[in-house]
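Heads up: the structure comes next, in structure tokens.
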Amino acid sequence: ILNVEQSPQSLHVQEGDSTNFTCSFPSSNFYALHWYRWETAKSPEALFVMTLNGDEKKKGRISATLNTKEGYSYLYIKGSQPEDSATYLCAFMGGGGNKLTFGTGTQLKVEL
Amino acid sequence: DTGVSQDPRHKITKRGQNVTFRCDPISEHNRLYWYRQTLGQGPEFLTYFQNEAQLEKSRLLSDRFSAERPKGSFSTLEIQRTEQGDSAMYLCASSSPSGVNTGELFFGEGSRLTVL
């Protein structure tokens, strides 16, 4: 059974704060690491798909890094806004690239 | 194409009844996945199809669960003799042939099942 862990489980920040979350995953048999954002009453949407050790990806105020050798990825949000409030899921894809194993998510709430 | 659609969005049923969920993926996507999400957990893999072939099914899935994708387009997930523990959000996702190497999933909004 693959173990994909995320921390913290939940986070409350003030508007304008920067924040980061951690995802840890197996360091062997790595294929890809995904980040998804899941807003309430909507469908999960992909933020990043990362495949190479040392990858850094950025989309607006959100960025992510990847360390496949030690099995972790960080997601950063700079200058949090209320619309960033959502559950952020990471998902690991092992060799063969067939399915994703998700972590339990980090629930972010950004308050005014 | 507007994305992955799922039906019904909500289903309340009594224990012991059968329920069926439908998923219509993005039309050119050949892979289709079913996941289940319960409170406080991340989505849990149930099964996936490549075209009409069911290639993998989770060992956690009891034989009360069955999924089909008869023509490689839409898929159905049936739960027979529902139990209260089946209460969850059932998510469908699809991925494109060009995304098969990275596996980016496009999700529907889910079907929420409540078993009384």
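For the pair B:Leu39 and A:Ser28, label points projected 7 Å from Cα toward Cβ lie 3.8 nm apart.
Any chance you could run the full-extension gain for A:Glu111 through A:Ser7? It's 0.36 nm times the residue separation minus the Cα-Cα distance, nm to one decimal.
35.5 nm
Normalised by 2.2 N^0.38 Å, where N counts its residues, the alpha-carbon radius of gyration of chain B equals 1.01. Among A:Lys59/A:Lys109; A:Lys69/B:Lys57; A:Lys78/A:Lys99; A:Lys42/A:Lys69, which pairs are too far apart, with a Cα-Cα distance over 24 Å? Going by Cα-Cα distance, A:Lys69/B:Lys57; A:Lys78/A:Lys99; A:Lys42/A:Lys69 fall outside the 24 Å limit. Between B:Asp7 and A:Lys69, the simple spin-label model (points 7 angstrom out along Cα→Cβ) gives 5.3 nm.
Pairs of Cα atoms nearer than 8 Å and 6+ residues apart set the relative contact order; for chain A it is 37 percent. When A:Glu83, B:Glu56 are arranged by Cβ crowding within 10 Å, least crowded first, meaning fewest neighbours, the order is A:Glu83, B:Glu56. For B:Lys14, the aspartates and glutamates whose Cα falls under 14 Å of its own Cα, not counting residues fewer than eight places away in the same chain, are B:Glu83, B:Asp86. Each of B:Asn18 and A:Glu39 was given a label point 7 Å from its Cα along the Cα-to-Cβ line. The distance between the two points is 3.9 nm. Per the Debye calculation on the protein assembly as shown with a single equal scatterer at every Cα and no solvent contribution, log₁₀ I(q)/I(0) for q = 0.14, 0.17, 0.18 Å⁻¹ amounts to -0.88, -1.24, -1.35. Springs between Cα atoms under 10 Å define the GNM used for chain A, and in it the highest mean-square fluctuation of A:Asn29, A:Asn67, A:Asn53 occurs at A:Asn29. Size descriptors for the range A:16-106, from the alpha-carbon set: Rg then Dmax equal 12.8, 40 Å. Computed extension gain for B:Asp63 through B:Glu78, at 0.36 nm per residue and net of the alpha carbon distance, reaches 4.4 nm.
Since every read-out is calculated from the coordinates, none of them should be taken as a lab result. As the structure is a prediction and not an experimental result, all values here were calculated from the model. Backbone-built Cβ (ideal geometry, glycine too); neighbour counts: all protein chains shown.
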